[in-house]
1. Going by what's in this entry, would residue 232 be described as modelled with pLDDT under 95, open to solvent by 40 Å² or more (accessible area, probe 1.4 Å) and either part of a loop (DSSP other than H, G, I, E, B) or more than 23 Å from residue 166 (Cα to Cα) (or both)?
2. Among the residues of the range 353-368, are any among the small types (Gly, Ala, Ser), surrounded by fewer than 19 Cβ atoms within 10 Å (Cβ to Cβ) and closer than 23 Å to residue 140 by Cα?
3. Please pick out the residue among 262, 271, 252, 237 that is of a type in the set (Gly, Ala, Ser) and free of Cβ contacts under 8 Å to residues at least 12 places away in the same chain.
4. Kindly indicate whether residue 171 is in contact with a helix residue (DSSP H, G or I) (Cβ under 7 Å, 6 or more places away or on another chain), over 18 Å from residue 360 (Cα atoms) and surrounded by 12 or more Cβ atoms within 10 Å (Cβ to Cβ).
5. Among the residues of the range 319-342, is any among the aromatic types (Phe, Trp, Tyr) and touching a strand residue (DSSP E or B) at 6+ places or on another chain (Cβ under 6 Å)?
6. Quick one: residue 346 ticks every box in (1) open to solvent by 20 Å² or more (accessible area, probe 1.4 Å); (2) closer than 29 Å to residue 57 by Cβ; (3) of a type in the set (Phe, Trp, Tyr) except a single one, so which number is it?
7. Among all residue pairs at least 6 apart or on different chains, which show Cβ distances below 9 Å where the first residue, located in the range 117-146, is without any contact (Cβ under 8 Å) to a residue 60 or more places away in the chain and the second is part of a helix (DSSP H, G or I)?
8. Please verify whether residue 257 is without any contact (Cβ under 8 Å) to a residue 40 or more places away in the chain, closer than 23 Å to residue 373 by Cβ, touching a Ser or Thr at 6+ places or on another chain (Cβ under 9 Å) and open to solvent by 30 Å² or more (accessible area, probe 1.4 Å), treating the condition exactly as stated.
Amino acid sequence: MPSLKVLICGGGCAGPALAYWLARTGHEVTIVERFQALRAIGAQIDLRGQGIEVVKRMGLDSAIRSKLVDEAGVSFIDSNGKSHATIMANKSGKGAQSLTSEYEIMRGDLVRILYEATHQKVKYMFGTTIETFEQDNSNHSVFVQFSDGSHGTYDILIGADGQGSRIRKAILAPDSPEPYRKLGIHMAYWFIPRNETDDNIRRVYLGSQGRMIMRRTHNTAQTQVYFVLKDDSPELSSIPQASVETQKQYWSSRFQDAGWQSSRFLQGMGSTENWFCQEVVQVQTDTWYKGSVVLLGDASSCPSPFSGMGTTASLVGAYILAGEINRNANDLPQAFANYDEVFRPFVNEVQDINTFLLGLTIPQTRWGVAILRFVGWLLCFINIPHLVSLFSKERDGDWKLPDYPELEMN
């Protein structure tokens, strides 16, 4: 098997996961990351089903378990903080997982674990971007010009640069359909100081007018706050591109009368340094590769936070792409075609979100909130969520993770 020279754009989760597999099987891997240092920040994420199996095959299960967030379950509350329905995590190892995964971890911790597992064999270029790239179809290579003035030629260029991927934009035809499937939902999240009322149960509050508030606590000092807004207006779609000050002003205006602990959360919003704001979308495109350029993770197939499968999909995609590259190192076009064929059914499965039903979970009216609260109470009263989780035959869905003996260390 030839040793390939691989450039990965993006140092989050998907890129380093791919680098792990390729570096351990003898390839020369470079990761280019636009931030000046490791971007080990972000919200709480989870691993499920096939994603858990991938980290076990990577030998990172113990490292990840040592950093898990202690979230025992999810409680749906009213404006007084009174719980009307609680769904506990299923950590029995049997049946299906509930709203809380048995593998809840902060994004920053996972990024650090992947970096520690790769940095000795993988070259990281921080504070650098890809300015231009040009493919040479005659010898199946990519010439890349970097923002620091350097350049290089690679056998493969991987676009693992997120849902706003510049690599994806460069390889899609000008007349390609819009790659974003908008769900009509927006999200802002940030960290505030923890207080004595914050425990290890995630709290979910519906405030009518298409508003949802979530509170999660991940350590002894900090609490995460999530504001979710169901609104498909063009005005809101432009907010993530505005200044942080403008973003905070907008979200404050929409949630100042939401109820529960919204005053506390808004006060914390003003001083937080961990602020994130985004439109919730899925990335759907028929083009995952062109020539020697391949897309991975959210750049190719972001399933949205509401799927609960974003990180799992990134790790699974990295495993499959690495397996196909190693299996077909002398025929990369075939490797990329196989990657598409094997992985796309899984992506279709995790992207199968019913937007109508999703919208019903974030009601516009107080009556809608009351009805949803009653339904949740009734289901939990007769123990339906627990029974569904415990007695479901499959923990991983219908799609089975393939085996790649080619990824065993040389």
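1. Values: modelled with pLDDT under 95: yes; open to solvent by 40 Å² or more (accessible area, probe 1.4 Å): yes; either part of a loop (DSSP other than H, G, I, E, B) or more than 23 Å from residue 166 (Cα to Cα) (or both): yes.
For residue 232, the condition - modelled with pLDDT under 95, open to solvent by 40 Å² or more (accessible area, probe 1.4 Å) and either part of a loop (DSSP other than H, G, I, E, B) or more than 23 Å from residue 166 (Cα to Cα) (or both) - is met.
2. To start, the set of residues in the range 353-368 that are among the small types (Gly, Ala, Ser) comprises 359, 368.
Right, trim to surrounded by fewer than 19 Cβ atoms within 10 Å (Cβ to Cβ) and you get 359, 368.
From what's left, closer than 23 Å to residue 140 by Cα: none.
No: zero hits.
3. On the way: 262 fails: free of Cβ contacts under 8 Å to residues at least 12 places away in the same chain; 252 fails: free of Cβ contacts under 8 Å to residues at least 12 places away in the same chain; 237 fails: free of Cβ contacts under 8 Å to residues at least 12 places away in the same chain.
271 is the lone residue from the list that is of a type in the set (Gly, Ala, Ser) and free of Cβ contacts under 8 Å to residues at least 12 places away in the same chain.
4. Values: in contact with a helix residue (DSSP H, G or I) (Cβ under 7 Å, 6 or more places away or on another chain): no; over 18 Å from residue 360 (Cα atoms): yes; surrounded by 12 or more Cβ atoms within 10 Å (Cβ to Cβ): yes.
Answer is no for this residue.
5. So in the range 319-342, the residues among the aromatic types (Phe, Trp, Tyr) come out as 319, 336, 339.
Filter once more, keeping what is touching a strand residue (DSSP E or B) at 6+ places or on another chain (Cβ under 6 Å): 336.
Yes, the range 319-342 contains at least one residue that is among the aromatic types (Phe, Trp, Tyr) and touching a strand residue (DSSP E or B) at 6+ places or on another chain (Cβ under 6 Å).
6. In the conditions (1) open to solvent by 20 Å² or more (accessible area, probe 1.4 Å); (2) closer than 29 Å to residue 57 by Cβ; (3) of a type in the set (Phe, Trp, Tyr), residue 346 misses (1) alone.
7. Close Cβ pairs satisfying both conditions: 119/16; 120/23; 132/170.
8. Details: without any contact (Cβ under 8 Å) to a residue 40 or more places away in the chain: yes; closer than 23 Å to residue 373 by Cβ: yes; touching a Ser or Thr at 6+ places or on another chain (Cβ under 9 Å): no; open to solvent by 30 Å² or more (accessible area, probe 1.4 Å): yes.
No.
The values are calculated or read from the model by the stated rules, or taken from the named source; none is laboratory data. Treat the numbers as computed from the prediction; the structure is a model and nothing was measured. Neighbour counts run over all protein chains shown; Cβ positions are idealised from the backbone, glycine included. What goes into the accessible areas is simple: the full protein's heavy atoms, side chains included, and nothing from ligands, DNA or RNA. Shrake-Rupley method; radii C 1.70, N 1.55, O 1.52, S 1.80 Å.
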